[in-house]
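Worksheet for the structure shown next.
The values are calculated or read from the model by the stated rules, or taken from the named source; none is laboratory data. Remember, predicted model here, so these are calculated numbers, not experimental data. Here the Cβ positions follow ideal geometry from the backbone for every residue, glycine too, while neighbour counts run over all protein chains shown. Accessible surface is based on the protein model in full, side chains and every heavy atom, while ligands, DNA and RNA are left aside. Shrake-Rupley method; radii C 1.70, N 1.55, O 1.52, S 1.80 Å.
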Amino acid sequence: MKKQILIPAVLLLVFLLLISFDAGTGRTSTLDSYRQISMEEAAIMMEEEEGYIILDVRTHEEYAESHIPGAVNIPNETIGTEEIPGLPDKEQLILIYCRSGNRSKQAAQKLADIGYTNIVEFGGIRSWTGETVSGTP
């Protein structure tokens, strides 16, 4: 009787692992990923949530020209495989953006690969309708 239950349970587990595996990257997509949301959803999260970081992954020069108030600048090109001193809490909500949405997706995946677990990517500042500021902190 136990064998009849055990075999289907093991097959189901193997099936679930296979459908979550991304053959192109060798990662399981359900564990090592991030969420994507719209600019509107990001603006609402910024109003309603607390304790989050807004991460601008553009270059220092782009950031100085214009950025979302309170955003921290860590360029995508500087994110590697090591933990990031400016982001010590791997469970903290991190809202990521760049210029058009390409670098923010790359950075979000890199952070997920390092072990950050609460990453939300919301595209590029070109689509941002909220307030922006210029200069560096």
Next item on the list: Name every residue in the range 91-108 that is in contact with an Asp or Glu (Cβ under 8 Å, 6 or more places away or on another chain) and open to solvent by 10 Å² or more (accessible area, probe 1.4 Å), in order of residue number.
Entry: LEU93, ARG99, LYS105
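Output the residues belonging to the range 75-90 that are of a type outside the set (A, V, I, L, M) and not in a helix (DSSP H, G or I). Let's see the steps before the verdict.
Here is the first cut: in the range 75-90, the residues of a type outside the set (A, V, I, L, M) are 75-78, 80-83, 85-86, 88-90.
Hits for the range 75-90 are PRO75, GLY80, THR81, GLU82, GLU83, PRO85, GLY86, PRO88, ASP89, LYS90.
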Next item on the list: May I ask you to list the residues in the range 54-78 that are of a type in the set (A, V, I, L, M, F, W, C) and either out of contact with any Ser or Thr (no Cβ under 7 Å at 6 or more places or on another chain) or open to solvent by less than 30 Å² (accessible area, probe 1.4 Å) (or both)?
Entry: ILE54, LEU55, VAL57, ILE68, ALA71, VAL72, ILE74
Margin query: Restricting to the range 113-137, and then to whatever is without any contact (Cβ under 8 Å) to a residue 60 or more places away in the chain and over 18 Å from the mean Cα position of the chain (by Cα), can you tell me which residue is least open to solvent (accessible area, probe 1.4 Å)?
Written below: PRO137
Margin query: It is to be established whether one or more residues within the range 83-100 are more than 18 Å from GLU40 (Cα to Cα), among the small types (Gly, Ala, Ser) and at pLDDT 95 or above.
Written below: no
Notebook entry, point to check: Applying the selection to the range 49-74, what residues are part of a loop (DSSP other than H, G, I, E, B), without any contact (Cβ under 8 Å) to a residue 40 or more places away in the chain and within 18 Å of VAL133 (Cβ to Cβ)?
Noted result: THR59, GLY70, ALA71, ILE74
Check: Among (1) within 15 Å of the chain's Cα centre (by Cα); (2) at positive phi, which single condition is ASN76 missing?
Finding: (2)
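Every residue in the range 14-48 that is outside any loop (DSSP other than H, G, I, E, B), at pLDDT below 95 and not β-branched (Val, Ile, Thr), please.
From the range 14-48, those outside any loop (DSSP other than H, G, I, E, B) are 14-19, 21-22, 27-28, 35-36, 39-48; that's our starting set.
Okay, now just the ones that are also at pLDDT below 95, so 14-19, 21-22, 27-28.
Within the range 14-48, PHE15, LEU16, LEU17, LEU18, PHE21, ASP22, ARG27 meet the criteria.
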Margin query: Within the range 53-61, does at least one residue satisfy the condition of being touching a Lys or Arg at 6+ places or on another chain (Cβ under 7 Å) and farther than 21 Å from ILE114 by Cβ?
Written below: no
